[in-house]
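Below you'll find the structure, written out as C-alpha cells, and then a few comments.
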Amino acid sequence: MDRVRYYWIVQIAFSFALATLFICSAVFFKQLPDDPWERFFSPLLQIPALMVFLASMRILIRHKRHHEDDRDLLRCYVCGIVLMTIGVLFMLLAHLATVPAS
C-alpha cells in the first residue's frame, strides 16, 4: 500500500456505492416514497449500495495487496465515475417518465 493509500480505495468503493444508489433509484423509482429523505434512506437503495461498497472494498484491497501497479485502480475509479453518470441519467429519465405532460 505504498503509493495508493486506503482513502483512495475507500473513494473508489464509495463511487461504486453511489453508482449503485443512483441506478437502484432509477429502477425502483415508482416504489420509493415521495419524501426525499425517506427515499434516500429507503432499504431498496441503501442495502444494495452498502453491499457494493463492502464487496468493492474487499476486492480492491485484495487486488492492491497482490499487484504493485496502480493503473487498475485508476481504471476502477474512472469506471465508478462513468457508472455514477449513467445512474444519474437513468434516474433523471425515470423521473421525467413519471412527470405528467402539461
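The values are calculated or read from the model by the stated rules, or taken from the named source; none is laboratory data. Everything numeric here is computed off the predicted structure, so don't read it as measured data. Don't worry about glycine lacking a Cβ; one is built from the backbone with ideal geometry, like all the others, and counts go over all protein chains shown.
Can you find even one residue in segment 33-53 that is touching a residue at least 40 places away in the same chain (Cβ under 8 Å), in a helix (DSSP H, G or I) and surrounded by 12 or more Cβ atoms within 10 Å (Cβ to Cβ)?
Let us first name the residues in segment 33-53 that are touching a residue at least 40 places away in the same chain (Cβ under 8 Å), namely 53.
Okay, now just the ones that are also in a helix (DSSP H, G or I), so 53.
In the following step, the residues that additionally are surrounded by 12 or more Cβ atoms within 10 Å (Cβ to Cβ) were identified as 53.
Yes, because at least one residue in segment 33-53 is touching a residue at least 40 places away in the same chain (Cβ under 8 Å), in a helix (DSSP H, G or I) and surrounded by 12 or more Cβ atoms within 10 Å (Cβ to Cβ).
Looking at (1) touching a helix residue (DSSP H, G or I) at 6+ places or on another chain (Cβ under 7 Å); (2) modelled with pLDDT of 90 or more; (3) over 13 Å from A13 (Cβ atoms), which one does A94 not meet, given that it meets all the others?
So the condition that A94 fails would be (2).
Looking at segment 57-77, is at least one residue within 28 Å of P33 (Cβ to Cβ) and not aliphatic (A, V, I, L, M)?
There is no residue in segment 57-77 that is within 28 Å of P33 (Cβ to Cβ) and not aliphatic (A, V, I, L, M).
Return the total of residues in segment 19-49 being under 19 Å from T85 (Cα atoms), under 13 Å from the mean Cα position of the chain (by Cα) and not small (G, A, S). If you could, list the steps in order and put the result at the bottom.
To start, the set of residues in segment 19-49 that are under 19 Å from T85 (Cα atoms) comprises 19-29, 40, 45-46, 48-49.
From the residues that got through so far, the ones that are under 13 Å from the mean Cα position of the chain (by Cα) too are 19-26, 45-46, 48-49.
Narrowing further to those that are not small (G, A, S): 20-24, 45-46, 48.
Residues in segment 19-49 being under 19 Å from T85 (Cα atoms), under 13 Å from the mean Cα position of the chain (by Cα) and not small (G, A, S): 8 in total.
Of the residues L74, L60, which single one is of a type outside the set (S, T, Y), farther than 16 Å from H95 by Cα and touching a residue at least 40 places away in the same chain (Cβ under 8 Å)?
L60
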